[in-house]
Every structure is written in structure tokens, then in C-alpha cells.
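Participant: Got a structure for you, written out below as C-alpha cells; questions coming shortly.
A short reminder: the numbers here are calculations on the coordinates, not readings from a lab. For clarity, every value in this text was computed on a predicted model and none was experimentally measured. Quick reminder, even Gly has a Cβ in these numbers, built from the backbone with ideal geometry, and neighbours come from all protein chains shown.
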Amino acid sequence: MKDILLDRYPATVKIVGYGTTRQVSVNDIELNIARSRDVFKHSVEFNWGYEGSGPAQLALALLLEVTGEPQQALNLYHNFKRTFVSKFPGSFTATIALREWAQAVKEDLPNQNTATDFMVLADALFEHIHIKSVGRF
């Protein structure tokens, strides 16, 4: 099993995404794509609302920013993308109970053997997010 160090994950994280510019901030700090691309290159820009390369780059950048550790970000960013980033609307503010989510993933990941099982887990974890669509900006 992947080593998920729960103390590296803050209790909550606030994420703001600007649909027209594709800029994202986490806890009021603007994300820079370059740092996450140094770890793994998926895309040249952030994106969200689906499961692709732009959302993968955003998920990696978000977890890298909040954990400060590349390995912790690499352990969970695909799961984070599927659970949260793929569901963000055009422009949004989201508050996520990140440590609680990471704990649930750590406990349930060894039991997940199929894509169907994974989606059941993702649906159960969606209760850990509160998204407010903020319109166009």
C-alpha cells in the first residue's frame, strides 16, 4: 500500500478556480503550474470538470502545495482528481476536508479492486467537499 502520511494533510483546504483564466488558488496562494510539472508533466495548463490531463496537473499541483512533499502528492493525486477536481464547475470556491478524505482513502484503498469499487468509494467521499459556483470571472 502507498504510504499516506496523514499529518502532511491539513484539516481543510480552500480552493478557488477562475473559469475564464484557468487560474487556481489554494488557501489564498496562487498555484504555479511549473512546480507540479517538475514532478510530472501531464498538461501545460490547469483544467477541471472532467478526468483528463489538465485536471491531473491541477490535482498534483494542489496536493503538492498543501503537503509540501512530491511523494505524498504522487500517492493520491489521481484519486483526488477523480473524487474532486473532475466535479468542479466552471468558476468555483471549494472547501475540502482534506485530512478526513486522506484518512478514508488510506483505510479503504487496499479494499478497492475494481473501477466500480473505486467509484463507490469516490461517491462516498464526495460528502467531504462543499462547492459554491461563483459565476463567471
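Participant: For segment 23-70, what D do you get in µm² per second when you plug the Kirkwood radius from alpha-carbon pairs into Stokes-Einstein at 25 °C and 0.890 mPa s? Don't jump to the answer; show the numbers that get you there.
Facilitator: Numbers: Rh = 10.5 Å.
Value of D from the Cα-based Kirkwood radius: 234 µm²/s.
Participant: Points 7 angstrom from Cα along the Cβ direction at Gln71 and Ser25: gap in nanometres?
Facilitator: Roughly 3.3 nm, to one decimal.
Participant: Can you list, bin by bin at 5 Å, the percent of alpha carbon pairs in segment 4-48, starting at 0?
Facilitator: Result returned by the calculation: 5, 19, 21, 23, 22, 9, 2.
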